[in-house]
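S.K.: Mind having a look at this structure? Questions to follow.
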Amino acid sequence: MDRPDVVLAAFARNEPTVGVEVIALALNHPAPSVALPVVARALESPDREVRGQGVVAPAHVARIHRTVDRRCLELPRGCPRGNEADDDLWSFVPHRRLPLWLWRHHLAERLLRWRG
């Protein structure tokens, strides 16, 4: 899946697989600037499962393209921490571009391990 128009149509039809399609778009589209607005839509979804899949999608974009837009960095702020998506953002996006909430999470985690 590399066509954002198909994924947006799935959102419009309220398809149950739309979250999976968002992940596929994040993995397959060559331009992060095209995929990330669709990813943001998943992160804003009222459906908990789609939001969960939306958290995974920007991590894939970060891993492949080493970038994520500001909107997709701010939307996961209210999601539970300690997931692999947070770790991928921390690992693949330049730290100077990461939001403060992600810094706090990773530095606190490292401090606990160091003191441990």
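The values are calculated or read from the model by the stated rules, or taken from the named source; none is laboratory data. Since the structure is predicted, the reported quantities are computational estimates derived from the model, not experimental observations. Ideal geometry is used to build each Cβ from the backbone, glycine not excepted, and the neighbour counts take in all protein chains shown.
S.K.: If I ask for residues that are touching a Gly at 6+ places or on another chain (Cβ under 9 Å), outside any loop (DSSP other than H, G, I, E, B) and under 15 Å from ALA40 (Cα atoms), which ones from segment 60-116 would you list?
M.R.: CYS72, LEU75, PRO76
S.K.: So, one more: So which residues in segment 88-108 are surrounded by 14 or more Cβ atoms within 10 Å (Cβ to Cβ) and more than 19 Å from LEU36 (Cβ to Cβ)?
M.R.: HIS105, HIS106
S.K.: I've got another one for you. When segment 1-13 is examined, which residues are found to be in a loop (DSSP other than H, G, I, E, B) and at pLDDT 95 or above?
M.R.: Within segment 1-13, just ARG13 meets the criteria.
S.K.: Please verify whether LEU27 is touching a helix residue (DSSP H, G or I) at 6+ places or on another chain (Cβ under 7 Å), among the aliphatic types (A, V, I, L, M) and more than 20 Å from MET1 (Cα to Cα), treating the condition exactly as stated.
M.R.: The answer is no for LEU27.
S.K.: Specify the residue that is farthest from ILE64 (Cα to Cα); the eligible residues are those in segment 84-104 that are under 11 Å from the mean Cα position of the chain (by Cα) and not charged (D, E, K, R).
M.R.: Going through the qualifying residues, I end up with ALA85.
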